[in-house]
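What follows is a set of notes on a single structure, which appears directly below.
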């Protein structure tokens, strides 16, 4: 079941997953993802030496419905009832196309959850009237590149940064 992208009650369901808005008590999962991030991820996207962002900062962001992450849905495993990451759309205002984004806790890698969640979000995007999505991925992130390939994304550009090469991919809907 998919509801419109602007609906705060969005719920996407797959065979094994529910994708839904975050609950404040799940901020601990968001922080854990930040703690697990590869050292090659830019520093502003990792927990710093002083422990920031804090758990309280993640809780505040969820309470506020932070617009930068409003389209990033919690990925919950139905069988276990645990949240293992996020998948959703960011951006996409005005003439800009939205970006597919996903990240899962390491303990859930290699089980097809990112691909399954990605397909649900692609269907949601199509039902919401989008014609195309894009996704960026670091060239060294082989697992995420495989997920994007399974979802039908193809490379459309490269950007060299101080943190490595960022690949731009697109997919028509």
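Suppose the chain between residue 77 and residue 107 were pulled fully straight at 0.36 nm per residue; how much longer would it get relative to their current alpha carbon spacing? Taking residue 77 through residue 107 to full extension adds about 9.5 nm, to one decimal. Calculated from DSSP H runs of 4 or more alone, at -39500 (n - 2.57) each and per residue, what is the 222 nm mean residue ellipticity of the chain, nearest 500? Taking each H run of at least 4 residues, the total per residue is -7500 deg cm²/dmol. Shape of the chain from the C-alpha gyration tensor: rounded (a/c under 1.5, with a ≥ b ≥ c the square roots of its eigenvalues). Relative protection proxy for 50-58, 29-37, from highest mean packing down: 29-37, 50-58 (other beta-carbon atoms within 10 angstrom).
Here the peptides 74-85, 110-121 are ranked by packing, the mean other Cβ count within 10 Å, and the order with the highest first is 110-121, 74-85. Estimated at 0.36 nm per residue, the fully extended path between residue 139 and residue 56 surpasses their Cα-Cα distance by 26.6 nm. Segment 97-160 and segment 43-67 have Cα centres separated by 23 Å. Note on residue 127 and residue 49: with the Förster distance fixed at 41 Å, the Cβ-Cβ geometry gives a FRET efficiency of about 0.40.
The calculated FRET efficiency for residue 36 paired with residue 161, based on their beta-carbon distance and R0 = 22 Å, is about 0.55.
Bear in mind these aren't lab numbers, they're just calculated from the coordinates by the rules spelled out. Here the structure is a predicted model, which means the values were calculated and not measured. Don't worry about glycine lacking a Cβ; one is built from the backbone with ideal geometry, like all the others, and counts go over all protein chains shown.
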